[in-house]
Each structure stands twice: as C-alpha cells, then as structure tokens.
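Q: Got a structure here, written out as structure tokens. Questions coming.
Rule-based calculations on the coordinates, nothing more; no lab input. Keep in mind it's a predicted model, so treat the numbers as computed, not measured. Positions of Cβ are backbone-derived with ideal geometry, glycine not excepted, and every protein chain shown enters the neighbour counts.
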6 protein chains.
Amino acid sequence: MVFVCRKEHFNAAHRLFNPSWSKEKNEEVFGICANEHYHGHNFELIVIVKGTPDEDTGCVIDLKKLSKLIHSEVIEKLDHKNINLEVDFMQGKIPSCENLVVAIWEILAPKIADIAYDPHARLHCIRLFETQNNFVEYYGEW
Amino acid sequence: MVFVCRKEHFNAAHRLFNPSWSKEKNEEVFGICANEHYHGHNFELIVIVKGTPDEDTGCVIDLKKLSKLIHSEVIEKLDHKNINLEVDFMQGKIPSCENLVVAIWEILAPKIADIAYDPHARLHCIRLFETQNNFVEYYGEW
Amino acid sequence: MVFVCRKEHFNAAHRLFNPSWSKEKNEEVFGICANEHYHGHNFELIVIVKGTPDEDTGCVIDLKKLSKLIHSEVIEKLDHKNINLEVDFMQGKIPSCENLVVAIWEILAPKIADIAYDPHARLHCIRLFETQNNFVEYYGEW
Amino acid sequence: MVFVCRKEHFNAAHRLFNPSWSKEKNEEVFGICANEHYHGHNFELIVIVKGTPDEDTGCVIDLKKLSKLIHSEVIEKLDHKNINLEVDFMQGKIPSCENLVVAIWEILAPKIADIAYDPHARLHCIRLFETQNNFVEYYGEW
Amino acid sequence: MVFVCRKEHFNAAHRLFNPSWSKEKNEEVFGICANEHYHGHNFELIVIVKGTPDEDTGCVIDLKKLSKLIHSEVIEKLDHKNINLEVDFMQGKIPSCENLVVAIWEILAPKIADIAYDPHARLHCIRLFETQNNFVEYYGEW
Amino acid sequence: MVFVCRKEHFNAAHRLFNPSWSKEKNEEVFGICANEHYHGHNFELIVIVKGTPDEDTGCVIDLKKLSKLIHSEVIEKLDHKNINLEVDFMQGKIPSCENLVVAIWEILAPKIADIAYDPHARLHCIRLFETQNNFVEYYGEW
C-alpha cells in the first residue's frame with residue numbers, strides 16, 4: 001500500500017456565519033471571521049489516495065488524471081468564488097474548513113477507483129490549508 | 001546603509017472591477033478576477049526600511065515598533081475585510097496589487113523616520129504577495 | 001472525526017547536555033549540540049486536535065481559543081527563553097525535541113476538551129520542527 | 001513512542017518508461033514524463049523512525065547518524081544521477097515515486113535499529129516529494 | 001513605476017559539460033554536475049516587469065497574458081526536456097543558470113511591451129532558482 | 001552582469017544587549033530579546049555575487065567553492081555558537097542582524113574575486129533571515 005498525494009490551489013471568499021443567529025451572536029462567536037462583506041484565502045488542497053502500484057506503470061494512479069478530477073469536481077467550483085453564495089455543495093452549510101473537507105471527501109471518494117491503475121485504490125485523506133497556520137484533515141468516517 | 005525587512009499577513013476579499021465599465025467588459029478584461037461575489041487571498045506584505053544602524057542598539061529601527069505601525073495603519077484596515085467595500089484608502093481605486101502597494105507606501109512613508117533609531121531612515125520598498133506566484137514591488141516615485 | 005491543526009512559533013536557546021556525564025562524554029555523544037554557551041532555533045509547533053464538527057459553528061474547536069491556550073501554556077514559557085535554564089516543565093530533562101513534544105502533550109492534553117465545541121474533542125498530535133530538516137511527532141501513549 | 005523525522009535532498013534525472021511497451025504506448029500513458037532524453041527533479045526525502053526516547057540522551061536516534069546512513073545508502077546513489085540508467089536498486093523497475101519509496105524502505109528498514117539509541121526503534125515512513133505538488137508515502141507492508 | 005512579478009515552474013534534465021574539454025577536465029571542473037547521464041531539477045522562474053499601472057485596470061500588465069507568454073516562449077521548450085539536447089535556444093551553450101537567464105531574457109525582453117497595458121513597460125529581471133539554495137538573477141546589460 | 005546567489009544556514013544563540021546600559025534599560029529597549037540566558041534562531045544567510053559568466057564554464061563562480069568559503073569563514077564560526085560570547089568577529093558589537101550582515105560583508109568581500117571564474121566578480125549583497133518575518137540586507141557602503 002502506497003499513499004499518493006496531490007496538491008492543488010484555489011482562491012476564494014467566505015465568512016463564518018450561522019444564518020439562524022443574530023448578527024451580534026455571529027460576531028461574538030466568529031469574531032472578524034464573520035465580517036459581513038467577506039474575506040478570503042489562498043486555500044491549499046491536498047488529496048491523498050492509497051493503493052498498490054500497478055506493475056506496468058509503477059504507479060497507483062495517474063496524477064494528471066487525479067489533478068483533472070480534482071479540478072473538474074472541486075477546484076472549478078471553488079476557485080475565485082464566494083463559498084457562502086456560489087458553491088453548490090456548500091449551500092446550507094457553514095463554510096468552515098471542517099465542513100469543506102467533509103464535502104470534498106464526499107465528492108471525490110466515489111470517483112477515485114475509476115481513474116486509478118489499481119481498481120482497489122481509494123481516497124485516504126483530504127487536507128485543507130486555509131492559512132500557513134490553520135489546516136484540517138479528514139480521513140472519512142471511522 | 002542597511003535594509004531592514006518585516007513581513008506581515010492579512011486575509012482579504014476583493015474583485016478586480018472598473019465601475020465605469022459594463023459587467024461584460026469587466027469579465028472580458030479581468031476574467032474570473034471580476035467575479036461579482038468576490039474571491040480572496042492570504043496576502044503577504046513585506047515592508048523594507050533603509051537606514052544606518054544606531055550605535056547604541058545596533059539596529060536601524062525597532063522591528064516591534066515597525067510591526068505595530070504596519071498593523072495599526074495598514075493590517076487592521078485590510079485584514080478580514082473586503083477591499084472593494086470596506087478599506088478607506090482604496091475607495092475609488094481598483095484593488096489591484098499595483099494600486100495597493102502605492103497606497104500602502106503613501107501611508108507608511110511619512111511615518112518611518114519618527115519610529116526609527118536612525119532619524120534619516122526611510123521607506124525603501126513595499127512588496128506584496130497576492131499568491132505564491134504573483135507579487136508586486138514599489139520603491140516610491142523615481 | 002476531523003483533525004484540526006494549528007501552527008505556532010517560538011525562538012529559544014538550548015543545548016543537549018546530560019549533567020551526569022563529563023564534558024567530554026557530552027561532546028562525544030551530542031557533538032556541537034552540546035556547546036556549553038548554547039545555540040538556538042526558530043521552533044515551529046503544530047498542535048492537532050481531533051473531534052466532530054459542531055452543528056452550530058461547523059467547527060471542532062475555536063482556533064483563536066486553541067491558539068490562546070497554546071500561547072499561555074506553552075509559547076510564553078518557551079519563546080525567547082533558554083530551555084535548559086528557564087523552562088519549568090523541562091527542568092531535570094534533556095531538552096531534546098523528543099522530550100519537548102512529550103512535555104507539551106502532557107500540558108495540553110487535559111485542557112483541550114474544555115475549550116472545544118465538541119466536548120469529546122481531544123489532543124491527537126504534537127509536531128515540533130527544530131529545523132526545516134529535523135522534526136518529531138508524538139501521538140500520546142499507545 | 002515518538003516519531004523522529006529527517007529530511008534530505010537529491011537532484012536526479014529520470015523518465016517514466018516501460019521497456020516492454022512501444023514508444024507510442026509509453027507516450028500515450030506517461031505523456032511528457034516519458035521524454036526519451038529524460039527530465040529531472042529536486043527530490044525531497046523524509047525518513048521517519050519510531051521509537052522510545054533513550055533516558056540518557058533524551059533521543060530516539062542520533063539524527064547525525066541517521067543522516068549519514070541515508071546519505072551512504074540512498075542519497076549517494078541517487079544524487080546527480082540518472083535513475084533509469086545508474087541506480088543499482090532501481091534496475092528493472094520503472095522509476096516512479098511509488099517504486100522509489102518501496103525500494104528506499106527496503107534498504108533502510110533493516111538498518112535503523114542498529115544505529116538508534118532505542119534497540120526497538122524501527123522505520124515508520126518513507127515520504128518522497130517529486131515536486132511541491134506531487135509526493136508519496138510508504139509505511140511498509142500491512 | 002511598479003514591479004510586477006510572476007513565478008512559473010519547469011522540471012528539466014541537464015549536465016554542466018564543455019564539449020571542447022576532455023571527460024576528465026569536465027569532471028575536474030564541474031564535479032558531479034558533469035555526470036554523463038544527466039541529472040535534473042525543479043526550476044523556479046520569476047519574471048519581473050516594470051511599468052506604470054494603467055488607469056482603467058489598475059494593472060501594469062495582465063498576469064494571465066504574461067503567464068501565457070512565458071509558457072509559450074520558455075516553459076514549453078524547457079519543461080520535461082533535456083536542456084543539453086532538446087532546447088533550441090541553449091544549443092552551443094553550457095546549460096548553466098547564468099546562461100539560461102541571459103537566454104530567457106533575450107527571448108522575453110522584446111515581447112513585454114506588446115502585451116502590457118503600459119506601452120512603456122519592459123522586462124526588469126529574470127530570476128531562476130535551480131535549487132532552494134542556488135539561484136541567479138539577470139537585469140539585462142548595463 | 002549576472003547575480004549568483006547561494007543560501008546557507010546556521011543555528012545560533014544570541015541576545016540583544018548593550019553592556020554600557022543597566023539591565024532595566026536593556027529590557028526597556030530590547031524587550032524579550034534581551035533575555036539574560038539568551039534565545040536563538042535558525043538563521044538563513046544568502047550571499048550574492050555579481051560578475052560576468054566565464055566562456056568556458058558558463059558560470060560566474062563555482063558555487064561549491066563559494067559555499068566552502070562561506071562555511072570556512074562564516075558558518076563554522078556561527079553555527080551552534082553563542083554570538084555574544086563565542087564569535088570573534090562580533091566581539092564588542094551588539095549581535096543585531098544589521099551588525100551581522102556588515103561584519104559578514106567585511107569578511108567575504110575581499111575574498112570573492114580570488115575564487116570566481118570572473119576576476120572582476122565581487123560581492124553584491126549579504127541577506128540574513130533571522131526568522132521568516134525579519135530579515136536584513138547589506139550592499140556595502142554607498
């Protein structure tokens with residue numbers, strides 16, 4: 001079993017905001033992250049796939065195919081967007097990094113085996129850096 | 001003459017948008033950077049001061065004082081803000097990195113000598129990273 | 001279960017030195033790291049908490065609270081200090097990275113659940129970079 | 001149990017190429033990575049050892065000894081070399097990152113306990129960055 | 001005058017080798033960099049343009065156009081190539097970083113004004129990182 | 001004229017302290033940087049040489065020779081040392097970054113031409129990072 005990791009980037013606006021709370025409650029809980037006109041980040045997304053290297057290619061998955069999948073399913077929906085207003089898979093959710101990694105996992109997990117050399121390859125981890133100092137990881141349910 | 005450099009960070013939303021143009025013209029010129037709901041970045045700001053090291057301290061400027069100045073005059077106005085809507089010194093300007101560095105220069109340049117050990121110290125450069133791949137520098141008028 | 005990670009920094013002096021050994025033995029074992037007048041590092045400390053995102057906030061823990069806790073319990077005791085001479089929780093221990101991560105774990109582990117949104121959240125990992133090339137990780141006893 | 005990590009570097013040329021395939025098939029599968037005159041990378045290799053810190057030294061392993069071992073067994077054979085043509089332990093294998101981490105694991109795993117302070121220390125992970133965006137990890141067979 | 005900087009990447013193989021010298025002389029002068037089967041690097045290329053920000057866009061140059069120009073004129077010729085054997089603009093030259101930055105300057109300098117908003121914009125610097133520790137800069141003839 | 005840059009590292013302890021001042025005055029001016037038991041940093045030193053590339057080698061200077069010179073003249077005196085107590089060329093000076101870059105310039109400047117391919121090559125800049133956020137540059141007297 002080898003773990004293969006691919007890093008991609010997107011730049012997006014968001015705010016932490018619970019619509020069932022008052023403006024004051026949101027500011028009390030989320031501080032400046034609740035700023036009503038949004039703020040933004042250069043997000044770094046790392047997708048980790050685990051599987052057995054294929055004999056013919058020496059690879060678990062073609063990283064160019066993995067990169068294309070991440071772009072078409074995730075990056076194109078997030079890059080240069082407002083996560084609160086424009087990202088279909090985040091509607092009705094607070095756009096925290098925790099909710100983002102779970103949502104990205106659910107999008108990508110069912111699609112990995114189809115594009116891998118190893119038909120048993122599967123998604124292992126979604127890691128998301130919001131800043132150099134803040135990042136989250138999700139390994140699926142367990 | 002020694003050059004002393006301090007890096008600070010801010011996270012902000014913006015969009016490239018010329019209000020005298022149509023929506024179509026903005027999209028044609030600025031592409032996804034014109035997205036009407038904004039996007040954002042982790043900006044890195046480097047402020048460079050030049051001067052002669054003081055005999056008593058061995059320093060050109062107290063970097064804690066320089067950091068405080070940058071925070072009170074620049075970072076607090078930009079961090080977790082929408083540059084188009086909320087930053088006083090960018091009103092009426094397109095929030096490009098080029099316009100940001102010139103505006104930040106104009107704010108900081110007159111205030112450097114007052115907080116430096118060297119009374120002749122002055123601002124040398126404002127460098128601003130929008131992403132790891134895009135950055136701009138301004139050295140004042142010449 | 002989501003893993004939430006926060007990076008902090010401290011600059012400290014230390015030396016690797018076993019007081020029950022002779023000066024020669026210390027130099028033989030630790031080489032230049034035993035230098036009697038100390039040397040130092042820009043340490044990077046990554047604290048990883050695991051838990052379930054809270055429904056109301058979308059977050060496992062408020063990262064500002066986590067950062068404050070790390071500062072008051074760990075960073076303020078280490079930053080700009082001599083680890084051999086001045087850090088209470090390292091007295092009687094060789095200030096290796098291995099001993100540092102275990103000591104920091106013991107300080108932080110009991111305090112995580114109290115400040116998290118998820119009352120079952122707990123410390124998952126202490127990672128400490130001494131240099132870009134040398135780092136250690138501790139995941140508690142197991 | 002503490003995990004101790006050491007990063008090393010090597011610069012090498014390689015191409016992804018399966019000698020049992022035609023030139024066209026190689027290009028179809030590997031794209032520009034199959035370029036017949038090779039291309040190259042600044043590889044970053046991270047070796048992670050797990051063990052119990054020794055009472056006398058506070059350390060699991062002497063990182064200078066670990067670095068020397070990695071250099072003599074791995075780096076000297078790869079650095080400034082052509083992996084397809086010149087690296088004995090990669091002959092008959094496609095020089096993918098997946099095959100590299102498994103081969104490096106097999107070289108280093110039997111030699112860790114001998115140089116560690118903890119006689120039960122053992123290799124935990126080989127991580128290899130080919131670029132900033134592509135990296136793989138191997139934790140041995142399981 | 002504002003300086004606008006764009007970073008791009010390419011991965012290439014090369015060797016330092018003077019064909020008018022013997023194999024022994026090449027090894028004596030260039031050491032392992034002369035390895036006859038090549039080695040390679042992840043090169044980072046920074047292109048810096050200077051000019052006056054345009055009133056309508058707030059920008060000196062459209063960075064997407066600059067990136068496209070760098071790709072079509074430089075990156076596509078170098079990426080996943082052997083610089084000694086396959087790069088037309090380096091034929092007859094030793095593929096040192098010094099020679100690379102001068103050659104890249106000569107390619108890009110005449111093409112900058114045509115794609116910039118400022119018709120007086122011009123190339124200011126070519127910076128090339130061969131590794132994290134070795135890089136060169138060229139500012140044209142003066 | 002091409003600028004050739006080499007990065008090296010050293011880890012050292014220091015404190016900012018003016019011996020002609022009282023303990024209180026030192027603490028007032030230098031804050032925690034005056035801590036009497038020292039603190040330390042992972043310093044990064046960048047040495048920039050300017051010159052004309054040699055026809056036979058394509059290089060301004062052999063970077064391995066430049067690295068050796070920096071090590072023998074500078075790094076060996078600073079690495080794993082206490083700058084206040086143990087570094088001959090800093091005695092009688094406050095170990096600020098400003099004073100360090102001027103002192104390192106004075107050591108290296110007279111020795112560059114002797115080891116360069118270009119006999120007219122000369123030192124252009126000493127850049128020293130104390131942390132990721134604080135760094136200084138010196139270009140000699142002018």
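Q: Please report the antiparallel percentage of DSSP beta bridges with both residues in segment F:2-138, rounded to the nearest 5.
A: Values: 25 of 27 bridges.
If we restrict to bridges inside segment F:2-138, about 95 percent are antiparallel.
Q: Per-residue Cβ counts within 10 Å, from other chains only, averaged over B:92-100: what number is that?
A: Numbers: counts 0, 2, 7, 1, 9, 8, 13, 5, 1.
Whole-number average of other-chain Cβ neighbours for B:92-100 is 5.
Q: In peptide E:29-35, how many Cβ atoms from other protein chains are near each Cβ within 10 Å, on average? Spell out each step's value before the answer.
A: Values: counts 5, 5, 3, 6, 6, 1, 7.
Partner-chain Cβ atoms within 10 Å, mean over residues of E:29-35: 5.
Q: Once the label point is set 7 Å along the Cα-to-beta-carbon vector, what list of distances in nm do you get between E:PRO19 and its counterparts in the other copies?
A: 2.8, 6.3, 6.3, 6.8, 6.9
Q: Spelling out what I want: for every residue of segment A:63-72, take phi, set θ = phi - 60°, compute 6.51 cos²θ - 1.76 cosθ + 1.60 (Karplus), and round to whole Hz; glycine and proline get x.
A: 5, 5, 5, 4, 4, 4, 4, 4, 5, 5
Q: If you don't mind, another one. When only DSSP loop residues count, what GluC sites (Glu not before Pro) in segment D:51-103 have their Cβ near at most 13 other Cβ atoms within 10 Å? Working shown, then result.
A: Details: sites: D:GLU55, D:GLU73, D:GLU76, D:GLU86, D:GLU98; in loops: D:GLU55.
For GluC sites (Glu not before Pro) across segment D:51-103 that sit outside H, G, I, E and B with at most 13 neighbouring Cβ atoms in 10 Å, the list reads D:GLU55.
Q: Using just the alpha carbons, could you tell me how many Å³ per residue the convex hull of the protein assembly as shown encloses?
A: 177
Q: Would you tell me the mean number of C-beta atoms belonging to other protein chains that fall within 10 Å of each C-beta in F:76-82, as a whole number?
A: Numbers: counts 1, 0, 1, 3, 10, 6, 8.
Counting other chains' Cβ atoms within 10 Å and averaging over F:76-82 gives 4.
Q: With +1 assigned to the C-beta of every Lys and Arg and -1 to the C-beta of every Asp and Glu, and no other charges, what is the dipole magnitude of the protein assembly as shown about the Cα centre in debye, to the nearest 20?
A: Values: 90 positive and 132 negative charges, 0 e Å.
The dipole of the protein assembly as shown has a size of about 0 debye.
Q: In degrees between 0 and 90, to the nearest 10, how far off the longest principal axis of chain F does helix F:97-108 point, with axes built from Cα atoms?
A: Tilt relative to chain F: about 40 degrees.
Q: With a Förster radius of 22 Å, plug the Cβ-Cβ distance of B:GLU27 and E:ILE115 into 1/(1 + (r/R0)^6) and report the FRET value to the nearest 0.05. Walk me through the numbers on the way to the answer.
A: Values: r = 19 Å, r/R0 = 0.88.
Once rounded, the FRET efficiency stands at 0.70.
Q: Right, something else. Would you please give the FRET efficiency between C:THR52 and A:GLN91, computed as 1/(1 + (r/R0)^6) with r the Cβ-Cβ distance and R0 = 22 Å, to the nearest 0.05?
A: On the way: r = 21 Å, r/R0 = 0.97.
After rounding, the FRET efficiency stands at 0.55.
Q: Please compute one quarter of the surface area of the Cα convex hull for chain F and express it in square nanometres. Working shown, then result.
A: Details: hull surface 36.7 nm².
For the Cα atoms of chain F, the hull's average projected area reads 9.2 nm².
Q: Using the structure shown, list the pairs from F:LYS23/F:LYS93; A:LYS25/C:LYS77; B:LYS64/F:LYS23; C:LYS25/C:LYS93; B:LYS65/E:LYS50; C:LYS23/D:LYS65 with a Cα-Cα distance above 23 Å, or answer none. Could the numbers behind the result be given before it?
A: Working: F:LYS23/F:LYS93 17 Å; A:LYS25/C:LYS77 34 Å; B:LYS64/F:LYS23 19 Å; C:LYS25/C:LYS93 17 Å; B:LYS65/E:LYS50 31 Å; C:LYS23/D:LYS65 21 Å.
Table pairs above 23 Å Cα-Cα are A:LYS25/C:LYS77; B:LYS65/E:LYS50.
Q: Normalising by the residue count of segment C:2-138, find the relative contact order in percent from Cα pairs under 8 Å and 6+ residues apart.
A: Working: 242 pairs, mean separation 43.8, N = 137.
Over segment C:2-138, the number comes to 32 percent.
Q: Then there's this: Would you mind working out the magnitude of the charge dipole of segment A:45-139 relative to its Cα centre, with +1 at each Lys and Arg C-beta and -1 at each Asp and Glu C-beta, to the nearest 20 Debye? Could you put the intermediate results ahead of the total?
A: Numbers: 10 positive and 15 negative charges, 31 e Å.
Its charge dipole is roughly 140 debye.
Q: Let me spell out the model: positive unit charges on the Cβ of Lys and Arg, negative unit charges on the Cβ of Asp and Glu, origin at the Cα centre of segment F:1-83. What dipole size does that give, in debye rounded to 20? Please report the intermediate quantities before stating the final value.
A: Values: 11 positive and 13 negative charges, 22 e Å.
In debye, rounded to 20, segment F:1-83 gives about 100.
Q: Using the Karplus curve 6.51 cos²θ - 1.76 cosθ + 1.60 with θ = phi - 60°, what ³J(HN,Hα) values do you get for each residue of segment A:21-37, in whole Hz, with x for Gly and Pro?
A: Running phi through 6.51 cos²θ - 1.76 cosθ + 1.60 with θ = phi - 60° gives 9, 5, 4, 5, 4, 4, 5, 5, 7, 9, x, 5, 5, 8, 2, 5, 9 Hz.
Q: Still on this model: So what's the back-of-envelope 222 nm ellipticity for chain A, counting only DSSP H runs of four-plus at -39500 (n - 2.57) apiece and dividing by all residues, rounded to 500? It would help to have the intermediate numbers written out before the result.
A: Numbers: 5 runs with 36 residues, N = 142.
The per-residue figure over chain A is -6500 deg cm²/dmol.
Q: Find the centroid of the Cα atoms in segment E:47-116 and in segment B:1-54, then give the distance between the two in whole Å.
A: Cα centroid of segment E:47-116 versus Cα centroid of segment B:1-54: 23 Å apart.
Q: Once the other residues with Cβ under 9 Å from the Cβ of A:PRO53 are scored (Lys, Arg +1; Asp, Glu -1), what is the net sum? Kindly include the intermediate steps, with their values, before the conclusion.
A: On the way: positive: none; negative: A:ASP54, A:GLU55, A:ASP118, D:GLU98.
Surrounding charge for A:PRO53 is -4.
Q: Considering segment A:35-100, what Rg and Dmax in Å follow from its alpha-carbon atoms?
A: For segment A:35-100, the Cα-based Rg and Dmax read 15.7, 54 Å.
Q: Using label points projected 7 Å from each Cα along Cα→Cβ, tell me how many nm separate B:LYS64 and E:LYS64, to one decimal.
A: 4.7
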